[in-house]
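One structure is given below, encoded as structure tokens.
Read-outs throughout are calculated quantities, based only on the coordinates presented, and are distinct from any laboratory measurement. The model shown is predicted, which means the values in this text are computed figures rather than measured ones. Ideal geometry is used to build each Cβ from the backbone, glycine not excepted, and the neighbour counts take in all protein chains shown.
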Amino acid sequence: MQTQKIVNLALLVASGILFMLFSRVFDFVWEVGRLGRFEEWPVGPQDLAAFVLAVGAGFGVRTWGRANQFFNEVVVELSKVTWPLGKETVASSGVVAVLVSVAALILAVIDLIWAKMALGVFKF
């Protein structure tokens, strides 16, 4: 049952993100289409349509049995993951930063040598 609560929370957050995305898209379409504004309405029709679509998508995924089972299984599998500690993450990030810097330096030297050779060959 605990996994279902996490899935419901994730779907609620996803619906909120979808609402923001749909709202932007519908606002753009509303402006491009030069559709009228309803000043007496507390909420614009484009926001209302975005809300209905976002809630409908979230509710549809929640009630679809296979999708709901899949998300519950994802939560169960993620609970089995051993996440690295803060020290391990910082150490790994440091190693990656050093190696990327060394690779960039080597590529810069190779590029400089290649440029000098190309200028020497194509100089007439």
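Things to note:
- Among residues other than Val81 with Cβ under 15 Å from its Cβ, the summed charge is -2 (Lys and Arg +1, Asp and Glu -1).
- Here the Debye sum runs over all C-alpha atoms of the range 49-106 as equal scatterers in vacuum, and log10 of I(q)/I(0) at q = 0.13, 0.15 Å⁻¹ comes out as -0.67, -0.70.
- In percent, rounded to a whole number, the relative contact order of the chain is 29, using alpha-carbon pairs under 8 Å and six or more apart.
- If you plug the beta carbon distance of Thr82 and Glu31 into 1/(1 + (r/R0)^6) with R0 = 35 Å, you get a FRET efficiency near 0.10.
- Distances between every pair of Cα atoms in the chain, grouped in 10 Å steps from 0 to the bin holding the largest one, split as 11, 19, 15, 17, 17, 14, 6, 1 percent.
- Residue-averaged [θ]222 nm for the chain, counting only DSSP H segments that reach four residues, each worth -39500 (n - 2.57): -29000 deg cm²/dmol
- Gain in span if fully extended, Arg24 to Gln2, counting 0.36 nm per residue against the direct Cα distance: 4.5 nm
- Alpha-carbon centroids, the range 79-105 and the range 1-76: separation in whole Å: 36
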